[in-house]
Every structure is written in C-alpha cells, then in structure tokens.
Amino acid sequence: MELELFFPSVSFLLFLLSKSSPPGDGSDPDAGRRWEMVENQIISRGIRDSSVIQAMLKVPRQEFVPREHRQAAYNDNPVPIGRGVTVSQPYIVALMTELLRPVPGMKVLEVGTGSGYQSAVLVETGCELYTIEILEDIAERARKILDDLGYSGIRYKIGDGYEGWEEHAPFDGIIVTAAPGHIPRKLVEQLKPYGRIIIPVGEENQELLLIEKTEEGIVTKRITSVRFVPMTGEPEKE
C-alpha cells in the first residue's frame, strides 16, 4: 500500500519561508536571492514538499554556474555550464525532486550529474545518492564543487546513463536530467517495486514523465512539456 503524503498549505510554507529569511550580517550575500527564488518561482507554482523547499533555500545555486553567469544563477531559466550542459531551471529541479517523493535514507540514482546542483538538492532532502555522468570533465567539475561544499557520501560514476548502475540496483527512485528518445529499459529494470522514475523523454517535443512500478505493472504519467539537453550514450534497440 502506498503511503498518503501530507503537503502543507501555502500559508504554512510562507511562514516557513519567513523563518528562513536571509541573515542580516552579510555572511551569505546570495541568501536573499534564494529566498526570492523559492517564494516567486517554487511555492507560487505549487511546490508543497517542505523538505524540497528547505533544500532549495539552502543549496547555493550560484556555486554551480560559471562565474560569468553568476548574476543569472537565480533567474527563472536554465544556465549553461559548457559542453552543451545546463543547470536546469529552479522550478524544474524542485518539481522533479518533489515528484520523486524523497525521504531520508532513500536510495536514488541520478542519471546525468551535470553541474551537480540537482545532486546537492537530493542530498539535502536526505537521499543516499548514486550519480552517473558520461562526460568526464563535467563530472570532475561537479564532484569538486560538491566536495568543496561539504556534500560527502555521494557515489560517482563516469559512464553511460542508458545502462544505469546495475551493481548498486535496485533503487527506490531514479531521476534523469537529460532526455532520451524513449524510456531506457535498463532503468526500469533497476527500479524497486513501488519505486519512481522522473524522466524527460522525446526529441523535438519532450515530456516530463513519472513512471511508477506498481502491483499492476508499470504506470506512466505525463507531467508537463519540458526542454532538456539530449541524453548521450548508446540507447538500446527497442
């Protein structure tokens, strides 16, 4: 039986936000921008999971973007980091994380480490994170940032996301941050019963999908239209 989740009201979330107001001593000059981002881009669009909101308030997004783009770190759009890779739009990061239904100790596979920002948000919600990136230089950059920020315990792999990470499967949840043309079969196979995959799928027209492994089989739900970078690697032939 699936647990019924409680999501707090908007008024409670705004109260929570008020208790997380940016410090007045200037120790974190970007705290105010994070506060505004969460209020205007996250809560206002329907994100209700308090652990996700707290994570978005805490993770210093500006550290994951190149210096020349730091002024745009909290804008309502993706930010390029090179090699065709981007830091996803804040709302999309929050939405995908909430759809995963993270809880402390949850074993999560992230396909596409990218900048490392989504990784940090998942760790802040208490997830036990395994993350794969196919581009070695991008993976090394993300790992250095995450290490410097104190995000320990993450397991990293350089490899093809289509293959997943079989030796550590099964996973409670899988989150994919690049778009394949179809749902990778091996990722579904590496998901635990009652687990969830959050994945953008498509080429020209992409959709964010929620895939659940239920007693009745695999259930797929369309969430919204999205635009992600394509997943690289070797897709299996369907």
Notebook entry, point to check: So which residues in the range 78-114 are within 15 Å of Val176 (Cβ to Cβ) and of a type in the set (S, T, N, Q), if there are any at all?
Noted result: Thr86, Ser88, Thr97, Thr113
Note to self: One residue is enough: does the range 167-175 have a residue meeting the conditions without any contact (Cβ under 8 Å) to a residue 12 or more places away in the chain and not small (Gly, Ala, Ser)?
What the structure shows: yes
Next item on the list: List the helices (runs of 4 or more DSSP H) that sit entirely inside the range 54-165 and contain at least 1 residues that are open to solvent by less than 20 Å² (accessible area, probe 1.4 Å) and at positive phi.
Entry: none
Item checked: Count of the range 210-229 residues which are part of a strand (DSSP E or B) and either in contact (Cβ under 8 Å) with a residue 40 or more places away in the chain or polar (S, T, N, Q) (or both) -> 7
Check: If you go through the range 179-194 one residue at a time, do you hit one that is out of contact with any Gly (no Cβ under 6 Å at 6 or more places or on another chain), open to solvent by 80 Å² or more (accessible area, probe 1.4 Å) and within 29 Å of Asp76 (Cβ to Cβ)?
Finding: no
Notebook entry, point to check: If Val188 satisfies every condition in (1) more than 20 Å from Thr113 (Cβ to Cβ); (2) not in a helix (DSSP H, G or I); (3) not charged (D, E, K, R) but one, which is the exception?
Noted result: (2)
Margin query: So, in the range 203-232, exactly how many residues are more than 25 Å from Ala94 (Cβ to Cβ) and open to solvent by less than 30 Å² (accessible area, probe 1.4 Å)?
Written below: 1
Margin query: Criterion first (modelled with pLDDT of 95 or more, in a strand (DSSP E or B) and open to solvent by 60 Å² or more (accessible area, probe 1.4 Å)) does Pro200 satisfy it?
Written below: no
Note to self: Can you list residue pairs whose Cβ atoms sit under 9 Å apart, with the first residue in the range 120-131 being within 19 Å of Val65 (Cα to Cα) and the second being open to solvent by 10 Å² or more (accessible area, probe 1.4 Å) and in a strand (DSSP E or B)? Count only pairs 6 or more apart in sequence or on different chains.
What the structure shows: Thr131/Arg155; Thr131/Tyr156; Thr131/Lys157
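The values are calculated or read from the model by the stated rules, or taken from the named source; none is laboratory data. Just so you know, these numbers come straight off a predicted model, no measurement behind them. Using ideal geometry, Cβ is built from the backbone for each residue, glycine included, and neighbour counts are taken over all protein chains shown. Calculation scope for accessible area: heavy atoms of the full protein, side chains included, ligands and nucleic acids excluded. Shrake-Rupley method; radii C 1.70, N 1.55, O 1.52, S 1.80 Å.
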